[in-house]
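In what follows, a single structure is set out as structure tokens and then discussed.
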Amino acid sequence: LAHAAKADPVEFRLEYLKGDVAPFQTIRPSLRRVIQLAAEKAGWGKSLPNGHALGIACNVYHERTTMAQIAEVSVGADGRPKIHR
């Protein structure tokens with residue numbers, strides 16, 4: 001959805017979590033903090049080597065546990081994805 005909206009994936013998620021449509025109203029602040037922390041630790045927004053990109057995923061488990069993961073990836077010469085960190 002962020003890609004289709006031509007929006008930054010982190011900012012897109014944070015903006016969505018401001019609204020009333022997000023599920024788990026009580027956990028929303030926690031999920032926002034987890035996304036912000038993951039983005040900060042991953043250096044989101046800093047320049048990357050040519051051909052590299054960052055991707056983010058986040059989720060809520062059992063209505064109380066929040067998680068976010070950020071991966072730095074590229075496509076190798078063989079056309080296969082490569083995970084750098």
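The values are calculated or read from the model by the stated rules, or taken from the named source; none is laboratory data. Since we're looking at a predicted model, the values are computed, not measured. Virtual Cβ from ideal backbone geometry, glycine too; neighbours counted across all protein chains shown. Note: accessible area is taken over every heavy atom of the protein model, side chains too, but ligands, DNA and RNA are not part of it. Shrake-Rupley method; radii C 1.70, N 1.55, O 1.52, S 1.80 Å.
Remark: the chain carries a charge dipole of roughly 160 debye about the Cα centre, counting +1 on each Lys and Arg Cβ and -1 on each Asp and Glu Cβ. Farthest towards the positive end of the charge dipole of the chain, among the residues N50, L1, Q69, is the Cα of Q69, using unit charges on the Cβ of Lys, Arg, Asp and Glu. Calculated from the alpha-carbon coordinates, the chain shows an Rg and a Dmax of 14.3, 45 Å respectively.
Which percent of the accessible heavy-atom area of the chain goes to carbon and sulfur, probe 1.4 angstrom? On the chain, the fraction of accessible area on carbon and sulfur atoms equals 54 percent. Applying both filters, DSSP loop and at most 14 other Cβ atoms within 10 Å, to the GluC sites (Glu not before Pro) of the stretch 22-85 gives E63. Between I83 and A57, the modelled label-to-label distance comes to 0.8 nm, taking each label 7 Å out from Cα in the direction of the beta carbon.
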